[in-house]
Amino acid sequence: MTPKVEIYTWRTCPFCVRAKALLKRKGIDFIEYAIDGDEAARAQMSDRANGSRTLPQIFINDQHIGGCDEMHKLDALGQLDPLLAAK
């Protein structure tokens, strides 16, 4: 089973672009929610992300990972690939 990866973004956000680039380099398909200016969608994201309102917010198999920096840190520590591994 492939991992379910969801990412909330703004289209022009450099951190969002960087996070998506890492997922693409790893060959991971993801669901992108581009919420540019949509406050209702941002509130929904914030509820899922334990109150975080910054972008991007990333979820792997419904587990909140955090933002771009957190995902890159997991990758640097060798902890991202196991989360993205097919089960």
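Quick check on my filter: what residues within region 34-47 are among the charged types (D, E, K, R) and surrounded by 15 or more Cβ atoms within 10 Å (Cβ to Cβ)? Walk me through it before giving the result.
Our first condition is that a residue be among the charged types (D, E, K, R); within region 34-47, this holds for 36, 38-39, 42, 47.
Passing the criteria: only ARG42.
Considering only residues of region 55-79 that are under 13 Å from TYR8 (Cβ atoms) and free of Cβ contacts under 8 Å to residues at least 24 places away in the same chain, which is surrounded by the most Cβ atoms within 10 Å (Cβ to Cβ)?
Going through the qualifying residues, I end up with ILE65.
Look through region 1-22, keep the residues that are hydrophobic (A, V, I, L, M, F, W, C) and free of Cβ contacts under 8 Å to residues at least 40 places away in the same chain, and return whichever of them is surrounded by the most Cβ atoms within 10 Å (Cβ to Cβ). Quick ask: steps written out before the conclusion?
Initial filter on region 1-22 (hydrophobic (A, V, I, L, M, F, W, C)): 1, 5, 7, 10, 13, 15-17, 19, 21-22.
From what's left, free of Cβ contacts under 8 Å to residues at least 40 places away in the same chain: 17, 21.
Numbers: VAL17: 14, ALA21: 11.
Among residues in region 1-22 that are hydrophobic (A, V, I, L, M, F, W, C) and free of Cβ contacts under 8 Å to residues at least 40 places away in the same chain, the one surrounded by the most Cβ atoms within 10 Å (Cβ to Cβ) is VAL17.
Give region 56-87 a look and list any residue that's among the hydrophobic types (A, V, I, L, M, F, W, C) and more than 9 Å from the chain's Cα centre (by Cα), or say none.
Looking only at region 56-87, we keep the residues that are among the hydrophobic types (A, V, I, L, M, F, W, C), and these are 58-60, 65, 68, 71, 74, 76-77, 80, 83-86.
Listed by number, the residues that qualify are LEU74, ALA76, LEU77, LEU80, LEU83, LEU84, ALA85, ALA86.
Every number here is computed from the coordinates shown, using simple stated rules; none is lab data. The model shown is predicted, which means the values in this text are computed figures rather than measured ones. As a convention, Cβ positions derive from the backbone with ideal geometry for all residues, glycine included, and neighbour counts pool all protein chains shown.
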